[in-house]
Each structure stands twice: as C-alpha cells, then as structure tokens.
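Working notes for the structure below.
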Amino acid sequence: NVVLGYWKYGLVVTVVGLLIVLVTGLYAGQVEDAQKDVQAKIADIDRKMPKVNPLAQAGISDPDDKPEVLSEVEEGAARYEAIAAEATGVSATIAWMRAAMAWERAGKSERVLAAYEGAHRQGSTGTLGWSAASSYAAALGDSGDVDGASTLLRTLADTGDGLMAEQALLSLGRLFEDADRITESRKVYGEFAERYPQSALSSEVSIGLSRL
C-alpha cells in the first residue's frame, strides 16, 4: 500500500524543508562564534555531497546510486557525525540529522537510527526539537519499534502546538494503521477529528478512517 508504505512522507518533506531553512541562517546572530564555525563546516560538507534526485530524497523512488557515489555519501555521513560529536546545542542537532539523512541514502538503517537518536538526545526546543523527535520516531517505526515510536509521537502530540501537534497525532494514527493495530489507529484518528475539526489535515484523517 503506497500510502501506508510512506506514512512518514509528509513528515519527511516538512523536516527537509525546515532543515534547509535552519542551515541557511535561521540561527545566524543567535549562536556563539563556535556554533557558527560548526555550521560553516556542516555547510561545507553539504556542498561536497553528491547531488540526489528530489524524488529519491522524498522516498518516492530508488536513488539508484552507483557504488562510488554511495562511498562518497558514507564518507560525508561520517564527517557529519564527527562534527556532531564535538558540537553542542543547535549545531549538534543539525549535524546529527544531516548524518542520519546521509546514512539513509546509503541504506544503513542502523546508522540512521543511531544518528536520529543523537539528534533527539540534544534536547533542542522549538521547531528544530520537533524535527529531531519526529525523525527519530519515524526511524523507530521503520526499525519495528512501534511502541517506542508511538510513545514519542504521543508526547509530541500532547505537548506540541499547532500544526506540529496535529502532524504528530496524524503520524501516530498512520503508524498504528501500518502496524495493523487497527483499534488503536481508529481511536487516534477519532481523537484527531474531535480535537482538530477544522484542521487542514482532516481530509487525511478521513481517508485513514475509510481504510480501516
């Protein structure tokens, strides 16, 4: 099922967009010189990474990278991790998330999970913290840890604000649906409809309920 196979698709697109904004200067002038230096190093790796097909980046198609390209991607992922291990705060979170995205392209699922965990562990707040937590939840779901993913998504849904809370709750319903935990999925979709009757995501919830 294409919809269920990419239950996190909308989340991935959102996270990628947010990261582009963050890395290109959202926190410029708000971080110390050391943080700025780390972000410059991250940007340098970004420029050297092999280009990826946008459809593949969104998870819609196979990147079909050649071995030599994957070798460069893995090298870049390792460089992101090295930066993340020495950085703190916002820069560390971004570096871990960049590493995770590179490992995902390289097909290294265990490294993906570890990198997203590293990003989430930084405890960033606001939009960046939500992005890290949501991505970690998606990776947990992909690894088969539905309970771990659902716990994290539930926390985001209950403590977040606006669209971020709505997206987390919708993702929770899709996670349960994909795991064939139909009763729990129906309950979450029903909760969403009750909490956010005017949401722009309401149509997605209705479609989800129709599949159950």
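Observations on the structure shown:
- Of the criteria (1) on the phi < 0 side of the Ramachandran plot; (2) in a loop (DSSP other than H, G, I, E, B), which one Gly190 fails: (2)
So that you can scan it fast, the table gives a plain yes or no per residue for (1) within 28 Å of Glu81 (Cα to Cα); (2) charged (D, E, K, R):
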{"position": "Ala133", "(1), (2)": "yes, no"}
{"position": "Leu140", "(1), (2)": "yes, no"}
{"position": "Asp178", "(1), (2)": "no, yes"}
{"position": "Gln198", "(1), (2)": "no, no"}
{"position": "Ser203", "(1), (2)": "no, no"}
{"position": "Gly208", "(1), (2)": "no, no"}
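- Matching residues, segment 198-212, being among the polar types (S, T, N, Q) and over 22 Å from the mean Cα position of the chain (by Cα): Gln198, Ser203, Ser206, Ser210
- Of everything in segment 158-187 that is closer than 24 Å to Leu128 by Cβ and not in a helix (DSSP H, G or I), the residue that is least open to solvent (accessible area, probe 1.4 Å) is Gly160.
The values are calculated or read from the model by the stated rules, or taken from the named source; none is laboratory data. These numbers were taken from a predicted model, which means no experiment stands behind them. Neighbour counts are summed over all protein chains in view; Cβ atoms, including those assigned to glycine, are modelled from backbone coordinates with ideal geometry. Note: areas computed on protein heavy atoms with side chains; ligands, DNA, RNA excluded. Shrake-Rupley method; radii C 1.70, N 1.55, O 1.52, S 1.80 Å.
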